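Notes follow once the structure below has been shown.
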Amino acid sequence: MGFFSLLPALITLLVVFATKNVVAALFLGVITGGVVSAQYNVVDGFMLPALGTASFATILLVYLWALGGMIGLWTRTGGAQAFAEMAGRTLVRGATSARIFGWLVGVLFHQGGTISTILAGTTVRPLTDKHKVSKEELTYIVDSTASPVATVLPFNAWPLYVAGLVVGTTPLFATEDDGVAFFISSIPFNFYAIFALLATLLFAWGKLPWVGSAMKQAIHRARTTGQLNAPTAKPITSDELVTMKLPKDYSPSVADFAVPMGVLLAIVIGSYIMTGEVLIAQAFGLAVITAIVLALIKGLPLGEAIDGFVDGCKGVTVGALILALAVTLGYVSKQLGTANYIVETTSDWVVDPLLPAILMVICMGVAFSIGSSWGTFAVVFPLAMPLAYAIDPNPMYLHLCFGAVVGGAVFGDQASPISDTTILSALACGGDVMDHVKTQLPLALAAASLAAVTSTALAFAIL
């Protein structure tokens, strides 16, 4: 396909930035893919193969419906609000401490981009709303901790996934255990993730010297007018997720929030420690059941519990539609070979000390275009590591290149308007996707630029 393989992603990005209509942009991108590939029946050709997968079913059932249902249930039990009030009394005193609390929660939920964004946004949103923290601020804090922290606190599935991609590509990666060990030892060289997390902490603390004009305006608007979203914003959450419908005889408590969340985290973390696998679906399912059973024990009528759950599911309908189109567009790009084309056309740029920065830029472009860090890993790692080893087998140089691939892919995933973490951050925080993208992108680019300069300087020192 060559250059034409870029058209679906390019059309989507152009339309989404021009119109701020994410649904229309994604749909046009999918249609463009059908035209380019002559697969005019995009439903059979792209949508059914992309959406009829176990991974999408897991996202739909677990991350959207299960968690949406639990959030809806909390509108009947007051659990999240009770937790927010407790945290407000003990930890949060204003907008700054609310933002720092958001950063801490994002780091705590370090299992991976998707789960982290949903859990952190859901947990922190009542507090930040109370203290007039704009949705742009909150979505940036949540999104900029989610994927980056998963690569520097590797107690999750990321190292094993990457190890499977690099095994056998160089003599250093003879087994998957070698790949996991190299992933962990490369963490200090994953400069984008490190700088992104530090920048987000400084931002939350109010000590970041530059935040960009769009973010500055959002902060001023929220603090002075109390408008958490811009007047033109189209949040992808809904009233079902935020409107309290607490029965008169029900006494809300922190337990309504903490017990199901504790069950969820215990299963997620415990399953990884014991088996090396993260049982996400089981964790969410048991957390929802726990929330319902606890509410019933405390006297919430069964009908109210079911209505709350259903309302929560309805509240994520728009987010589910956007995510379905984004997943389909990612499948389109994969079928057209978009990522391979980007890698092939940029391979001639290689200058030995610049390779880490070049790999990072390539991964940034690929991940931004397809909205997936893991998809980018799958394309770039098998090509990048043999190339780096051929230039210089020095482990330090390979660490720089390895960290650049991880960091670049995480940047693209975090910053792309068609990424699941971007979309779900806005959904969990109650924000507008494109307002989130516009305010986050300058800050993410600043961290990426600093990371590229750092890796280049070290590469020159090594070679």
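The values are calculated or read from the model by the stated rules, or taken from the named source; none is laboratory data. In this text, all values refer to a predicted model and were calculated from it rather than measured experimentally. Counting neighbours? That spans all protein chains shown, and the Cβs are built from the backbone with ideal geometry, glycine included. SASA here: full protein model, heavy atoms, side chains in, ligands and nucleic acids out. Shrake-Rupley method; radii C 1.70, N 1.55, O 1.52, S 1.80 Å.
Here is how the numbers come out for the structure above:
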item: Residue within the stretch 57-65 that is open to solvent by 20 Å² or more (accessible area, probe 1.4 Å) and in contact with a Ser or Thr (Cβ under 8 Å, 6 or more places away or on another chain) present; result: yes
item: Qualifying residue in the stretch 359-370 (condition: assigned to a helix (DSSP H, G or I) and farther than 21 Å from F411 by Cα); result: no
item: Matching residues, the stretch 165-194, being assigned to a helix (DSSP H, G or I), surrounded by fewer than 22 Cβ atoms within 10 Å (Cβ to Cβ) and among the hydroxyl-bearing types (S, T, Y); result: S185
item: Counted residues, the stretch 421-442 - those being in contact with a Gly (Cβ under 7 Å, 6 or more places away or on another chain), open to solvent by 10 Å² or more (accessible area, probe 1.4 Å) and under 22 Å from S333 (Cβ atoms); result: 0
item: Residue within the stretch 120-130 that is modelled with pLDDT under 85, open to solvent by less than 10 Å² (accessible area, probe 1.4 Å) and more than 24 Å from T75 (Cα to Cα) present; result: no
item: Pair list, Cβ < 7 Å and 6+ apart or interchain, from the stretch 262-288 residues that are farther than 18 Å from W158 by Cα to residues that are assigned to a helix (DSSP H, G or I) and at pLDDT below 80; result: A283/V268; F284/V62; F284/L67
item: Any hit, the stretch 394-415, residues being surrounded by fewer than 22 Cβ atoms within 10 Å (Cβ to Cβ) and part of a loop (DSSP other than H, G, I, E, B); result: yes
item: Residues (polar (S, T, N, Q) and not in a helix (DSSP H, G or I)) located in the stretch 27-79; result: Q39, N41, T53
item: Filtered residues of the stretch 195-231 (kept if open to solvent by 50 Å² or more (accessible area, probe 1.4 Å) and among the β-branched types (V, I, T)); result: T224, T225
item: Residues (under 15 Å from G78 (Cβ atoms), open to solvent by less than 50 Å² (accessible area, probe 1.4 Å) and part of a helix (DSSP H, G or I)) located in the stretch 293-311; result: L294, A295, A305, G308, D311
item: Among (1) in contact with a Phe, Trp or Tyr (Cβ under 9 Å, 6 or more places away or on another chain); (2) open to solvent by 10 Å² or more (accessible area, probe 1.4 Å); (3) among the polar types (S, T, N, Q); (4) farther than 30 Å from D392 by Cβ - the single one T345 does not satisfy; result: (4)
item: Top-ranked residue in the stretch 145-160 [being modelled with pLDDT under 85 and more than 14 Å from Y272 (Cα to Cα); ranked as surrounded by the fewest Cβ atoms within 10 Å (Cβ to Cβ)]; result: S147
item: Residues located in the stretch 209-226, provided they are touching a residue at least 60 places away in the same chain (Cβ under 8 Å) and not in a helix (DSSP H, G or I); result: W210, V211, G212, G226
item: Condition met for I11 (open to solvent by 30 Å² or more (accessible area, probe 1.4 Å), under 14 Å from T328 (Cα atoms) and not basic (K, R)); result: no
item: Condition met for T376 (buried (at least 24 other Cβ atoms within 10 Å of the Cβ), part of a helix (DSSP H, G or I), in contact with a Ser or Thr (Cβ under 7 Å, 6 or more places away or on another chain) and of a type outside the set (G, A, S)); result: no
item: Yes/no for T456 being under 30 Å from K314 (Cβ atoms) and at pLDDT 95 or above; result: no
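Matching residues to (1) surrounded by fewer than 17 Cβ atoms within 10 Å (Cβ to Cβ); (2) within 30 Å of A295 (Cα to Cα); (3) modelled with pLDDT under 90:
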residue	(1), (2), (3)
A233	no, no, no
E240	no, yes, yes
D256	no, yes, no
M261	no, yes, yes
G270	yes, yes, yes
